[in-house]
1. Please pull out the direction-averaged projected area of the stretch 26-142, using the convex hull of its alpha-carbon atoms, in nm² to one decimal place.
2. So if I place +1 on the C-beta of Lys and Arg and -1 on the C-beta of Asp and Glu, and nothing else carries charge, what would the dipole magnitude of the stretch 6-139 be about its Cα centre? I want it in debye, nearest 20.
3. Sorted from fewest to most neighbouring beta carbons within 10 Å, what does the list Asp6, Asp67, Asp85, Asp74 look like?
4. Of Gly39, Gly112, Gly75, which is the most mobile in a GNM of the chain whose springs link Cα atoms less than 10 angstrom apart?
5. Averaging the inverse of every distinct alpha carbon separation and then flipping it gives the Kirkwood radius. What is it for the stretch 46-108, in angstrom units?
6. What ranking do Val78, Val133 get, fewest neighbouring Cβ atoms within 10 angstrom at the top?
7. Could you give the length gained by full extension between Val118 and Val143, i.e. 0.36 nm per residue of separation minus their alpha carbon distance, to one decimal place?
Amino acid sequence: MNNEMDILLVEDNPEDVEITLRAFQKHHIANKIHVVRDGEEALECLFSTGRYADCSPCENTRLILLDLKLPKIDGLEVLQRCKTDPRTKHIPIVVLTSSREEEDLARSYNFGVNSYVVKPVDFPQFSDAVRQVGLYWMLLNQVPAELSA
C-alpha cells in the first residue's frame, strides 16, 4: 500500500484553504496536499491534461475535498466527471461547502459523493470539522488492496 497520503483540495477561498491546511498540518493527517483553485484545474490535475499534461501531482490522490461553488467548472461537474471515470471513480470525494441548498445536497449524492459537509462559519469548528474528515477518510476508512496500490 502506498503510504503517501495525498489529498486534492479544490477550494477557491484563500481563507478556507489556509484553515484546511493548518488543520491537516496540526493533526499530522496527510503527507501531501495539493491545492487547486477552480474546477478546470482540478480536472486537469486529476486527468493529467492541460497545464498538468507533463506532470501529475494528483496521480496518488487518496481523497478529494471539493467545494461546490467554484470558478470555471463548478464542483458538481467535477464530482460527476470523477465518479463516472474509471481512473477516479474509487477516490473518496468529500464535498466541503458553505451551501446548505437541498438541491446541491441531493445532486451531490446522486452523482456519487462519499460525504457532504457544510462548512461551519466559526474557525475552531471549521478546523475541527476538517480534522474529523481527514482522520476518517485518510486513517480509518478501509480500501481494497487493488485500489490502494
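Derivation of every value follows stated rules applied to the coordinates shown; laboratory data play no part. Computed from a predicted model, the values in this text were never measured in an experiment. Glycine also receives a Cβ, built like all others from the backbone with ideal geometry; neighbour counts cover every protein chain displayed.
1. On the way: hull surface 30.0 nm².
For the Cα atoms of the stretch 26-142, the hull's average projected area reads 7.5 nm².
2. Details: 16 positive and 22 negative charges, 99 e Å.
It works out to roughly 480 debye.
3. Details: Asp6 20, Asp67 25, Asp85 13, Asp74 17.
With the sparsest Cβ surroundings first, the list reads Asp85, Asp74, Asp6, Asp67.
4. In this elastic network of the chain, the residue with the biggest mean-square fluctuation among Gly39, Gly112, Gly75 is Gly112.
5. Numbers: mean 1/r = 0.0791 Å⁻¹.
With all distinct Cα pairs of the stretch 46-108 included, I get 12.6 Å.
6. Details: Val78 29, Val133 22.
So the residues, fewest neighbours to most, are Val133, Val78.
7. Details: separation 25, 0.36 × 25 = 9.00 nm, distance 2.50 nm.
Full extension from Val118 to Val143 adds 6.5 nm.
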